[in-house]
Amino acid sequence: MILTAGTGSERAVLSQHIRPGLTYVFDRGYNEYDLFRQFSKLGSYFVTRLLKNAVFEVVETYELSAEQSAGGIISDQLACLDSEGQPTRVRLVVYHEPTSGKTYRYLTNRSDIDALTVALLYKWKWQIERFFWWIKRHLQFKHWYSECENGVLIQLYAALIAFLLMKLYSAKCDKAEFRHMQIDLIRFLERHLFDAVSLDDISAYLRSLGFTDSILLF
């Protein structure tokens, strides 16, 4: 997770954190052909959507299997993007989403996976959007308690820590039991996540863990 002030270029931030061997999945707002070339140069991979006004030329068309066609893949091609005389070769996958009836065009520099996996990789990106929705709804993100950078970070990290603790707890307890108590637990977090905790309560909790009061000398 990379936190920024939100006033600069997110594409510039991404370009500074590209690591070899990883696959980055991002939306069309990050489309930049120099960035695409940087991924390939560093031995990294990307999956994104093609801009509507993109200029490109199809170099080669790959044959689709019956499974890929049945899964919604319309075409799998090698394309050349034109950017001020600097051609950039990418893989172009066209996918028809059966539920919505919409057609999407995906770009990637990965050639080792099938076309349907390319489409699914981008589809899985929406899990992070669902995660953002969840923490906004359940972990006190309807408004900021503070507008200074440190205050925003405290609120954000408190919510993320609470989320991870719930995930750890759910992994250890009985699934049926957790589902039964999940709603009550979430409601408790919604009401009390940012309640102030007295030093007496902290001291009692630390003593229950075997620590002494000296740890509170800060």
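The values are calculated or read from the model by the stated rules, or taken from the named source; none is laboratory data. Small disclaimer: the values here were computed from a predicted structure and weren't measured. Every residue, glycine as well, gets a Cβ built from its backbone with ideal geometry; the counts of neighbours run over all protein chains shown. Ligands, DNA and RNA are excluded from the accessible area calculation, which covers all protein heavy atoms including side chains. Shrake-Rupley method; radii C 1.70, N 1.55, O 1.52, S 1.80 Å.
For Val152, indicate whether it is closer than 25 Å to Ser44 by Cβ and of a type outside the set (Ser, Thr, Tyr).
The answer is no for Val152.
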Original post:
Within the range 44-57, is there a residue that is closer than 30 Å to Cys148 by Cβ, touching a Lys or Arg at 6+ places or on another chain (Cβ under 7 Å) and not hydroxyl-bearing (Ser, Thr, Tyr)?
Top reply: no
**OP:** Within the range 167-190, track down each residue that is open to solvent by 60 Å² or more (accessible area, probe 1.4 Å) and at pLDDT 70 or above.
**Re:** Lys167, Leu168, Tyr169, Ala171, Lys172, Asp184, Arg187, Phe188
**OP:** Scan the range 98-117 and give yes if some residue there is open to solvent by 80 Å² or more (accessible area, probe 1.4 Å) and touching a Gly at 6+ places or on another chain (Cβ under 7 Å), otherwise no.
**Re:** yes
Original post:
When only residues in the range 1-48 that are among the polar types (S, T, N, Q) and in contact with a strand residue (DSSP E or B) (Cβ under 9 Å, 6 or more places away or on another chain) count, which is surrounded by the most Cβ atoms within 10 Å (Cβ to Cβ)?
Top reply: Thr48
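Please specify each residue of the range 64-82 satisfying the condition of being closer than 20 Å to Glu97 by Cα and of a type outside the set (A, V, I, L, M).
The first filter runs over the range 64-82 and keeps only residues closer than 20 Å to Glu97 by Cα, leaving 64-77.
If the condition is that a residue be closer than 20 Å to Glu97 by Cα and of a type outside the set (A, V, I, L, M), then Ser65, Glu67, Gln68, Ser69, Gly71, Gly72, Ser75, Asp76, Gln77 are the ones that fit.
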**OP:** Considering only residues that are free of Cβ contacts under 8 Å to residues at least 40 places away in the same chain and among the hydrophobic types (A, V, I, L, M, F, W, C), look in the range 135-159 and name the one that is surrounded by the most Cβ atoms within 10 Å (Cβ to Cβ).
**Re:** Ala159
Subject >> Residue in the range 191-207 that is within 25 Å of the chain's Cα centre (by Cα), surrounded by 11 or more Cβ atoms within 10 Å (Cβ to Cβ) and modelled with pLDDT under 80 present >> reply: yes
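Can you work out which of the residues in the range 76-93 that are open to solvent by 20 Å² or more (accessible area, probe 1.4 Å) and in contact with a strand residue (DSSP E or B) (Cβ under 6 Å, 6 or more places away or on another chain) is farthest from Arg11 (Cα to Cα)?
Among them, the one singled out is Gln77.
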